[in-house]
Every structure is written in C-alpha cells, then in structure tokens.
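The values are calculated or read from the model by the stated rules, or taken from the named source; none is laboratory data. Remember, it's a predicted structure, so these values are computed and weren't measured experimentally. As a convention, Cβ positions derive from the backbone with ideal geometry for all residues, glycine included, and neighbour counts pool all protein chains shown.
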C-alpha cells in the first residue's frame, strides 16, 4: 500500500503538504486554511482502515481531501469505498479538485453537507474518521457508535492537541462499555475506538 502509491496521489499529497506547511506559518485565520493531518497520521489511518471489518467507510470533515487520499489507498487495498462529508462549500470545492486530480473518484465519494443532518441514511459502519469542528465531536460520536459493526473502528483526530476542548468526548469514549478505546500519541493525537 505504501510502497506503490500511485504518482497522481503522491503528487497531490505533496502539494497539499506544502500548502499546509505555508498555512501553518502564515498565522492568518482564513476559511480556506488547510487543517489537515500530518503524513504519519495518514499512514496510521490507512493501516487501521485496511484492517477494518465490512461496513461503510466514512470520513466526517474532508477539508481539502488529504486524509481521504490516505484512506483511498486502503480502499484500493481492500476493494472498498469511502464517503467523505464536508460542510463548508469552499473546502468541498478544494476536496472535489483533490479527488479528481489524484484519480480517486472511483473509491471516494464527496458529500457536501452536514453529516449529522444526513446520517440517518447510513447503514452499518466499518470505519469512521472524525476530523471536523470540535463542537460536533460529541454528537458525531453518539451518532456513529451505535452504527458501528462489531470490530469496527472510530478514529477521532486532535485528541491531544485539543485535549482540553475534547475532554468531555474523551471521557465518554474511554468509559463507554460499547467500545474499547485509547488515545494514541501520533500526530495531533488520535482517539481510537473499537466496537465491542
């Protein structure tokens, strides 16, 4: 999976990594500022997703589509597809360009809209990556966990970098008898929950 990343995906990853590095040093608060995971988190997500059980694979919070590219690698490895949800039109437009330019539209479907408003249409979930605005983590967690199949994974970003803000969600997850959970110190910190 990592030894043969297609050139189009690799090029788009590098482009987004370069832009993200500039955005992080710029310091300007802009709606189009990238807020994406680092490459090591992308690899971690792809490995986890490639080991997930059957069920829908979803991503909540697409941004410009960087993490979706890593998950697309796992999709190709497993013969799976990913549905990624982005609420901001500007970010959705960037993600649509990323998905097209990287040639992953065969395995990645972008949905522009509020995940919580359309979640009722989802069936069983095998893998979920949550990287959205922090105030929706609690509602997203409570929407996703009941839909997880046994052995399914829910991974939430920023568990360490935004630990104070996310503490209520972390407390719920770490004591939730429906899942086994831990915080992994990779990237900005990943809450990893496995449905029991």
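Six or more apart or on different chains, Cβ atoms under 7 Å: show the pairs whose first residue is in segment 104-123 and over 24 Å from residue 78 (Cα atoms) and whose second is part of a strand (DSSP E or B) and modelled with pLDDT of 95 or more. Taking only residues 6 or more apart or on different chains, the pairs are 112/86; 113/85; 115/60; 115/85. Residues in segment 67-91 that are in a strand (DSSP E or B) and closer than 14 Å to residue 50 by Cβ: 82 alone.
Can you tell me how many residues in segment 86-97 are touching a residue at least 40 places away in the same chain (Cβ under 8 Å) and either within 15 Å of the chain's Cα centre (by Cα) or at positive phi (or both)?
Taking segment 86-97 and keeping what is touching a residue at least 40 places away in the same chain (Cβ under 8 Å), we get 87-88, 90-91, 94.
Those still in the list that are either within 15 Å of the chain's Cα centre (by Cα) or at positive phi (or both) too: 87, 91.
Adding up the residues that qualify gives 2.
Go through segment 97-110 and report how many residues are surrounded by fewer than 18 Cβ atoms within 10 Å (Cβ to Cβ) and in contact with a strand residue (DSSP E or B) (Cβ under 7 Å, 6 or more places away or on another chain).
Of all residues in segment 97-110, those surrounded by fewer than 18 Cβ atoms within 10 Å (Cβ to Cβ) come to 97, 100-101, 103, 105-106, 109.
Checking which are in contact with a strand residue (DSSP E or B) (Cβ under 7 Å, 6 or more places away or on another chain) leaves us with 109.
Within segment 97-110, residues that are surrounded by fewer than 18 Cβ atoms within 10 Å (Cβ to Cβ) and in contact with a strand residue (DSSP E or B) (Cβ under 7 Å, 6 or more places away or on another chain) number 1.
The sole residue among 152, 156 that is farther than 19 Å from residue 62 by Cβ, crowded, with 16+ Cβ neighbours inside 10 Å and touching a residue at least 24 places away in the same chain (Cβ under 8 Å) is 152. Within segment 117-171, the set of residues being modelled with pLDDT of 95 or more, farther than 19 Å from residue 194 by Cα and in contact with a strand residue (DSSP E or B) (Cβ under 9 Å, 6 or more places away or on another chain) comprises 132, 136, 163.
Counting only residues that are under 19 Å from the mean Cα position of the chain (by Cα) and either part of a loop (DSSP other than H, G, I, E, B) or under 21 Å from residue 51 (Cβ atoms) (or both), how many does segment 6-21 have? Number satisfying all stated conditions: 1.
Contact map, segment 127-147: first residue at positive phi and in a strand (DSSP E or B), second residue modelled with pLDDT of 95 or more and buried (at least 23 other Cβ atoms within 10 Å of the Cβ), Cβ cut-off under 6 Å, separation 6 or more or different chains; the map is empty. On inspection, residue 79 passes the criterion of being out of contact with any strand residue (DSSP E or B) (no Cβ under 9 Å at 6 or more places or on another chain) and on the phi > 0 side of the Ramachandran plot.
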